[in-house]
1. State whether the residues of the stretch B:371-391 include one that is among the β-branched types (Val, Ile, Thr), away from chain A (no Cβ under 12 Å), surrounded by fewer than 22 Cβ atoms within 10 Å (Cβ to Cβ) and touching a residue at least 60 places away in the same chain (Cβ under 8 Å).
2. Hey, could you check the stretch A:1-28 for residues that are surrounded by fewer than 17 Cβ atoms within 10 Å (Cβ to Cβ) and in a loop (DSSP other than H, G, I, E, B) and say which is nearest to the other protein chains (Cβ to nearest Cβ)?
3. Return yes or no: is B:Ala305 over 36 Å from the mean Cα position of the chain (by Cα) and more than 23 Å from A:Asp219 (Cβ to Cβ)?
4. Name, by its number, the condition in (1) free of Cβ contacts under 8 Å to residues at least 40 places away in the same chain; (2) within 10 Å of chain A (Cβ to nearest Cβ) that does not hold for B:Ala292.
5. If you go through the stretch B:399-413 one residue at a time, do you hit one that is without any contact (Cβ under 8 Å) to a residue 12 or more places away in the chain and of a type in the set (Asp, Glu)?
6. Among the residues of the stretch B:324-344, count how many are under 11 Å from A:Arg211 (Cα atoms) and either in a helix (DSSP H, G or I) or more than 11 Å from every other protein chain (Cβ to nearest Cβ) (or both).
7. For the stretch B:269-308, what are the residues that are polar (S, T, N, Q), under 28 Å from B:Arg202 (Cα atoms) and buried (at least 17 other Cβ atoms within 10 Å of the Cβ)?
8. Residues that are within 14 Å of another protein chain (Cβ to nearest Cβ) and either surrounded by 15 or more Cβ atoms within 10 Å (Cβ to Cβ) or basic (Lys, Arg) (or both), at least 1 per element: which strands (runs of 3 or more DSSP E) completely within the stretch A:114-222 meet that?
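The values are calculated or read from the model by the stated rules, or taken from the named source; none is laboratory data. Fair warning: this is a prediction, and the values are worked out from it, not measured in the lab. Cβ sites come from the backbone with ideal geometry, for glycine too, and all protein chains shown count toward neighbours.
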Amino acid sequence: MRILVVEDDALVADAIRRGLTRAGYAVDHVGSAERAGGALESESFDLAIIDIGLPGVDGLVLLQRMRRAGSALPVLILTARDALADRVSALDLGADDYLVKPFELPELVARCRALIRRSRSATSANLTIGGLHLELGAHRVEADGVPINLTRREWAVLECLALNVGRVVAKEKLVQAIANWDEDIGANAIEVYVSRLRTKLGGAAPIRTVRGLGYRLDDAAV
Amino acid sequence: MTRPSEPAHSVRRRLLLLLLAPLMLLLGTGVFVDYVTGARPIHDAYDRALREDALAVAAHLRDEDGNGRIDADLPPQAVAVLRADSTDSIYYAVRAADGTLVSGDADLPARPLRGANPTFDDVEYRGHAIRLATYATRVGAAEVTVAVAETTRKRTLATTRILTSIVLTDLAQLVGTLVLVWVGVRYGVRPLRALGEQIAARSARDLAPLDEAPVPTEIRPLVRVLNELFDTVRAAARSQQQFLASAAHQLRTPLAGIIAQLELLARDPAAGAARERLLALHDGTRRLAHTANQLLALARAEPTATTHEDFHETELATLVAEVVSQNLDRSLAAGIDLGAETEPVRVIGSAWLLRELLANLVDNALAYTPRDGSVTVRCGRCGRGAFVEVEDDGPGIAPEQRERVRERFYRVPESPGNGCGLGLAIVDDIARAHAATFTLGDGARARGTRARVEFQRAV
């Protein structure tokens, strides 16, 4: 896994490089948008971490250029500013995630992992979350290496949670995910499926209840 | 909106007061002039009638025997005609040159001729004011004086009638003028009132220029100055925002580097004996970063740093979901059940500031709620307004502390945690920036704290 870090502050860049290297990623660092353009053309990456406040061409312009050029590379935007406008424009311009400085290194690593996994799940048929292994095309799932039998609705709920691993998924969204089979399904039914999933999956990947909001599948490895 | 009560310095009132004194003076003069010019001819007409009477009496005088002794040949019918008057009493006296009475009322006062013949006098007779005409004439060889008088009741009646009508018409004119002024000024200041209402209807943050076109030329300079003021305030807000953005960047970037490096160092096996100190340094630097963030948030919440353009329709339920999601890991680590109870509701506000408000309330609740406690974030409608609230079942805030905790840098004595005492001050400021009320109360079953922010109006 290879990550491009575009950050002009040497101290921050060095810390990110060390943190990600320790987490097992290969890291390339450049200090400006111009040099990032060159690196992106000549090399292939799994993720780019881009600081907004770059000297010269800023990070949002770089992001915009990448998206215009058709790049689907996952991008995590770093910023020291907190204005709403920054956040909105970053996400509008095609950023996949957004982190405000100062950040905690474990948080950064977790976000990188999630972004890379999500982009892989779009192209690959398999997904691994903690002790959980999903074959998306075949609707097959293994927990700690043991195949698990799931009903179609249980599978739909698990797939929806797995594709949004680490994020809170609203109950309504899960209802939509299984609405293909059942038109009149209530939010209460979701609780039943989640409860069954918890029993079947054991501790391989915990499904957290977020009271009043929905559920979150956690990556036990983080 | 209720209309404000008439201000003390109302243009109308001033104008009316200014006009009242001169108008009263004009009224007085008018009444006087009209009375004089109206009463004189009447007076003259009655005098002429009196003169006719005197001449008529004189016509009946004869010097029959030519010896200078006058015979007053006044038949009873003539006297009756002379005295016949429905209103006034008529008196007459004919006297010879030596003053002896020839005929008539002996006690009628005699007055000498003064120039005009007849001469008119106002005298008192038998307790009444009378008008007396004294006419000298010659009958044969004898000189006689004929005096005819009448009481003044007719004259008084006529002049009173004239005076009344004059005063009434002039008063009507005065009142009419004042009413015209009252109504006219009201109509005249209508553009000013409209301008005032236009300004009052805007949000205090709306700094868009006022339209000059519908404003009368007299008020245009005022509008122009207001617009210049709006421009200045807007520019100041923008430059303050830019300054804060730069300050945030300059503060946070090195802090991010230091915090991440300290964390790496502390985890490095080579750290050895220095690990404890490195962890302490890491923790201290994180606190510093937290304080820097809080100070920046406080500055951003300043009314001068936000403008109308920062305020949009904002869905509170989305903000609650975001803030709860962001704090989930922290609540799991602290063993606190963090949840939400939301109802979709929108308010006009700055999403950034409102997120900051919620984040601070949740941060506080998580910091002071013990393990196995619970924190619930709610939003919804209340009446025409909306609310967000964060309720915990922690130790709560003593009622006497509830005001003080909103002060900047104030911390409840001996409270756990290591906050900088800015969280609730930020909440207070942001609530105020949204014209919302921020209250601290007891949680459910009189335990813990319920921090509630109520917005006046939901969209």
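1. Here is the first cut: in the stretch B:371-391, the ones among the β-branched types (Val, Ile, Thr) are B:375-377, B:388, B:390.
Now narrow it down to the ones that are away from chain A (no Cβ under 12 Å): B:388, B:390.
Right, trim to surrounded by fewer than 22 Cβ atoms within 10 Å (Cβ to Cβ) and you get none.
Checked against the condition, which is being among the β-branched types (Val, Ile, Thr), away from chain A (no Cβ under 12 Å), surrounded by fewer than 22 Cβ atoms within 10 Å (Cβ to Cβ) and touching a residue at least 60 places away in the same chain (Cβ under 8 Å), the stretch B:371-391 yields no hits at all.
2. Among residues in the stretch A:1-28 that are surrounded by fewer than 17 Cβ atoms within 10 Å (Cβ to Cβ) and in a loop (DSSP other than H, G, I, E, B), the one nearest to the other protein chains (Cβ to nearest Cβ) is A:Gly24.
3. Working: over 36 Å from the mean Cα position of the chain (by Cα): no; more than 23 Å from A:Asp219 (Cβ to Cβ): yes.
No: the conditions fail for B:Ala305.
4. Just one mismatch for B:Ala292, condition (1).
5. Among the residues of the stretch B:399-413, at least one is without any contact (Cβ under 8 Å) to a residue 12 or more places away in the chain and of a type in the set (Asp, Glu), which makes the answer yes.
6. First, the residues of the stretch B:324-344 that are under 11 Å from A:Arg211 (Cα atoms): B:324-325, B:328, B:337-342.
Narrowing the set further to residues that are either in a helix (DSSP H, G or I) or more than 11 Å from every other protein chain (Cβ to nearest Cβ) (or both) leaves B:324-325, B:328.
The qualifying residues number 3.
7. Start the filter on the stretch B:269-308 by keeping residues that are polar (S, T, N, Q), which leaves B:285, B:291, B:293-294, B:304, B:306-307.
Subsequent filtering for residues that are under 28 Å from B:Arg202 (Cα atoms) retains B:304, B:306-307.
Once the filter is applied, which keeps residues that are polar (S, T, N, Q), under 28 Å from B:Arg202 (Cα atoms) and buried (at least 17 other Cβ atoms within 10 Å of the Cβ), the stretch B:269-308 yields B:Thr306, B:Thr307.
8. Working: elements: A:126-129, A:132-135, A:140-143, A:146-148, A:207-210, A:214-217.
Per the criteria, A:207-210, A:214-217.
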